[in-house]
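These notes concern the structure reproduced below.
The values are calculated or read from the model by the stated rules, or taken from the named source; none is laboratory data. All figures in this text were calculated on a predicted structure; none of them were measured in a lab. Reconstructed Cβ throughout: ideal geometry from the backbone, glycine too, with neighbour counts over all protein chains shown.
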Amino acid sequence: MSEATEQSTEPKQRRTFQLPHIYVILFALSAIAAAATYLVPAHQFDRVEGPDGREVIDPDSYAPVDASPTSFMEFITAIPRGLVDAGEVVFFTFIIGGVFMVIRRTGIIENALDRLLRVFAHRRLLLIPVLITIFAALASLIGTQELALVYIPVLIPVVIALGYDSITAVAIALIGTTAGFTAGVLNPINTGLAQQIAGIETFSGAGLRSVLLVLMVAAGSYWIIRYARRIDKDPAKSLVYGEEEELEKQRLYSAGAEGEPKRMTGRQRISLLLAVPVLAVTIWGVSTQGWFMIEMAGMFMLLMLIIGLISGLGPSTISSSFSEGLRSVLEAAIIVGVARAVAVVMEDGQILDTIVYSLGQAVGGMPAELSAVGMFLAQTGFNFVVPSGSGQAVVTMPIMAPLADLLEVSRQTAVLAFQLGDGLTNIIYPTSGYFMAALAIGGVRWEKWVKFYLPLFGIWTAFAVGFLVFAQVTGWS
């Protein structure tokens, strides 16, 4: 056989396409936004006081303003300014990393992990729907998707020890909170605020939203269980199989529950007992007092000190562990600010309101039978620029509510279109700061997550379209 023939029979390595680093993607999006400020006409709505003193737009005040295309200096400072604008999320991410590392240093997590492994050793998959249901219920009541940032560090060791991977852990947190937030049965952040702006009774229509919540939780649980079963049979089918960070996690957490059960010390038990009221106050503050990331971060630092000191860690050990935790989430925190830079550029160029108005016009030009679906698509598109539930509500609902009247769509349906358009894409758009931080904390690359989530996103989108058509046909109010 000739040398040429031998060479031709050797297997050729296929070149697989890999998305660039998320920094590159977000920088490119910022550049596109900057270019758009030279092409898209600048317009603006007047801002007026709305529900609970929030600033909303006046839909009748749309008018052109002087163009303000992004200058070179504005562009190169967009990322630093994005970090400042997203400061709450950035530092919340840092603090979560530090707090988790201190608690881990006490040994409490290892003891709790041993207990969970023994409880779920023969019914591992049951843990998935149980946790998703809990996370969805909390998010549907208090409207804080960002709690996924708290869940993920705790879930990672448990899920990996049960034989699954980081994507499974991240999915339980993100899909559970997103299902609850999107359905928003009693969610003050998206449902309550949007209904106030639309001028309808707060939290009315909860029955249909509850049905939506059940279906979303069921579909999300099925999708994660399906993936978990697949990698349980063949670990090589994990989307993060063989990655260095994943191998390190398996080394740390895959020992399993062997030998004698681990027991907590008396000091550890006391620290956990005292942590319960701190967590209860945190949930109370978020759900009733308008607390958000600053307040939650403060309460978590208090939690860290209580658990750390009472468990027996000295001040210096707590400090060094906290610093180690900060380093572990550095990239996660920075990604949040880089993602925010896209919106900063558009706000500088005064084209956000132009985009909102154009989306409203596009919906108005659709057939009446599809108007509600058109609203959903418009909200889905706008969520790429403003991935904040409350931020999107105060900008779009003053337009979508009266537009719904003209299109003979109930305002309740318009609110549902907003919820669905805002919620489903919060865990796919790279401009969503908390979502990118969650992926970084979990050690999951964005493109791997998209590959996992996209089919479920399609299922949930089909639910969204079906519910909106039903609401429009029945005149749901």
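The table that follows gives values for the structure above.
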item: Pick from the stretch 59-93, criterion out of contact with any helix residue (DSSP H, G or I) (no Cβ under 7 Å at 6 or more places or on another chain) and charged (D, E, K, R), ranking: surrounded by the fewest Cβ atoms within 10 Å (Cβ to Cβ); result: 66
item: Residue check, residue 333 on the phi < 0 side of the Ramachandran plot, at pLDDT below 85 and of a type in the set (A, V, I, L, M); result: yes
item: Residue satisfying all of: in the stretch 456-477; hydroxyl-bearing (Ser, Thr, Tyr) and in a helix (DSSP H, G or I); nearest to residue 176 (Cα to Cα) among these; result: 461
item: Yes/no for residue 408 being more than 15 Å from the chain's Cα centre (by Cα), on the phi > 0 side of the Ramachandran plot and in contact (Cβ under 8 Å) with a residue 12 or more places away in the chain; result: yes
item: Residue in the stretch 110-157 that is surrounded by the fewest Cβ atoms within 10 Å (Cβ to Cβ), counting only those that are of a type in the set (Val, Ile, Thr) and without any contact (Cβ under 8 Å) to a residue 60 or more places away in the chain; result: 119
item: Residue 363 vs. criteria buried (at least 20 other Cβ atoms within 10 Å of the Cβ), of a type outside the set (Phe, Trp, Tyr), in a helix (DSSP H, G or I) and at pLDDT 80 or above; result: yes
item: Those residues of the stretch 294-325 which are farther than 17 Å from residue 277 by Cβ, within 28 Å of the chain's Cα centre (by Cα) and surrounded by 15 or more Cβ atoms within 10 Å (Cβ to Cβ), in sequence order; result: 297, 321, 322, 324, 325
item: Pairs, first closer than 21 Å to residue 465 by Cβ and without any contact (Cβ under 8 Å) to a residue 12 or more places away in the chain in the stretch 183-203, second crowded, with 21+ Cβ neighbours inside 10 Å and among the hydrophobic types (A, V, I, L, M, F, W, C), C-beta under 8 Å, six or more apart; result: none
item: Qualifying residues in the stretch 437-448 (those that are in a helix (DSSP H, G or I) and charged (D, E, K, R)) - the one farthest from residue 249 (Cα to Cα); result: 447
item: Some residue of the stretch 347-366 being among the polar types (S, T, N, Q), closer than 29 Å to residue 57 by Cβ and in contact with a strand residue (DSSP E or B) (Cβ under 7 Å, 6 or more places away or on another chain); result: yes
item: Contacts under 9 angstrom Cβ, first residue in the stretch 25-51 being among the charged types (D, E, K, R), partner buried (at least 18 other Cβ atoms within 10 Å of the Cβ), 6 or more apart; result: 46/57; 47/56; 47/57; 47/394; 49/56
item: Qualifying residue in the stretch 350-360 (condition: surrounded by fewer than 23 Cβ atoms within 10 Å (Cβ to Cβ), more than 30 Å from residue 402 (Cβ to Cβ) and either modelled with pLDDT of 85 or more or of a type in the set (A, V, I, L, M, F, W, C) (or both)); result: no
item: Matching option when the condition is in a helix (DSSP H, G or I), in contact (Cβ under 8 Å) with a residue 24 or more places away in the chain and farther than 29 Å from residue 307 by Cα, among 96, 79, 103; result: 79
item: Selected residue (criterion: surrounded by the fewest Cβ atoms within 10 Å (Cβ to Cβ)) from residues of the stretch 415-431 that are hydroxyl-bearing (Ser, Thr, Tyr) and outside any helix (DSSP H, G or I); result: 429
item: Helices (runs of 4 or more DSSP H) contained entirely in the stretch 120-195, each with at least 2 residues that are among the hydroxyl-bearing types (Ser, Thr, Tyr); result: 127-142, 166-183
item: Residues of the stretch 396-410 that turn out to be small (Gly, Ala, Ser) and either crowded, with 22+ Cβ neighbours inside 10 Å or assigned to a helix (DSSP H, G or I) (or both), as a count; result: 2
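Conditions tested, residue by residue: (1) out of contact with any Lys or Arg (no Cβ under 9 Å at 6 or more places or on another chain); (2) of a type in the set (Phe, Trp, Tyr); (3) crowded, with 24+ Cβ neighbours inside 10 Å; (4) not in a helix (DSSP H, G or I).
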{"site": "376", "(1), (2), (3), (4)": "yes, yes, yes, no"}
{"site": "386", "(1), (2), (3), (4)": "yes, no, no, yes"}
{"site": "394", "(1), (2), (3), (4)": "no, no, no, no"}
{"site": "413", "(1), (2), (3), (4)": "yes, no, yes, no"}
{"site": "450", "(1), (2), (3), (4)": "yes, no, no, no"}
{"site": "454", "(1), (2), (3), (4)": "yes, no, no, no"}
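Quick grid of which residues meet (1) of a type in the set (Lys, Arg); (2) under 28 Å from residue 293 (Cα atoms); (3) surrounded by fewer than 21 Cβ atoms within 10 Å (Cβ to Cβ); (4) in contact with a strand residue (DSSP E or B) (Cβ under 8 Å, 6 or more places away or on another chain):
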site: 169; (1), (2), (3), (4): no, yes, no, no
site: 210; (1), (2), (3), (4): no, yes, yes, no
site: 236; (1), (2), (3), (4): no, no, yes, no
site: 254; (1), (2), (3), (4): no, no, yes, no
